[in-house]
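Nothing in this text is a laboratory measurement; each read-out follows from the coordinates by a stated rule. Because the structure is predicted, anything quoted here is derived from the model rather than measured. Because the Cβ atoms are built from the backbone with ideal geometry, glycine has one as well, and the counts that use them run over all protein chains shown.
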Amino acid sequence: MYQFVSNATNPPSIIYIGKDKYENDQLIKHGYGENDVWFHVDRLSSAHLYLKLIPGFAWDNLPQELLIDCSQLVKANSIEGTPCCLTIGNKKNNVDILYTPWNNLKKTQGMEVGEVAFHKPNQVKRFHVEKKDNAILNRLQKTKTEYTIDYEQEKIAREKGLRALQKDQEKAKVTLFRAFINQLESGKHRDSKCKKGSRANNLIWRYFSTTKAAYFSGTRFFRNRHPPV
């Protein structure tokens, strides 16, 4: 697997590509939900490119600069019958790039290696690329690294990490909610309905804002522990 880093976002976004059609099949099989966005050149044999979504980003509302980076990179790997390599490709201008969440990819018996369809064709978006941009490709090429990964084991580890994170979040929610109920029932803030209501609203705000902070903190921790796949 080849990995690239796009600085079109802050923090930077991770992009990865299968080395060949056999690795593409592994990526199709062991991707992860809407966190992985799949890119492919329409009507051409091309690499399967995946974008790791940063928390807070939506696959169907990507920043323009990030969308351009992904599209330029997958276009650069769109020549018929070639492996993933930036030294070849870039043969065609005015191409459309298809992209959709990983969980919209459909693989059925009888399909060729690397071949894929969609569960919901209306959940596939298009982005037009007029021609290659060498400045973008050179910038991405400088970040290129290569990984050899056991995709099945990596997915198991990733799901285990997510379950642990969700368990910690639920514990934090319960602790905060119990504190909220205890303060409401304590009678310490009964001097006026207005003041009591204000206190309750403040506690509710603290509960949800802390839960949100725990989510994003945990996501960063999870991303640092597990290499992007």
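The length gained on full extension between residue 138 and residue 173, counted as 0.36 nm times the residue separation minus their Cα-Cα distance, comes to 8.0 nm.
Pairs of Cα atoms nearer than 8 Å and 6+ residues apart set the relative contact order; for segment 2-148 it is 29 percent. Summary of the geometry: segment 116-157 and segment 2-50, compared by the centres of their Cα atoms, lie 2 Å apart.
Have a look at 54, 64, 116 and report the one farthest towards the positive end of the charge dipole of segment 2-148, computed about the Cα centre with Cβ charges (Lys/Arg +1, Asp/Glu -1). My answer, from the dipole projection, is 64.
What is segment 2-148 by shape, rounded, prolate or oblate, if you read a ≥ b ≥ c off the alpha carbon gyration tensor as root eigenvalues and call it rounded for a/c under 1.5, prolate for a/b larger than b/c, and oblate otherwise? Note, shape of segment 2-148 comes out rounded. Here the spin labels are modelled as points 7 Å beyond Cα on the Cα-Cβ line, and at residue 128 and residue 112 they lie 2.8 nm apart.
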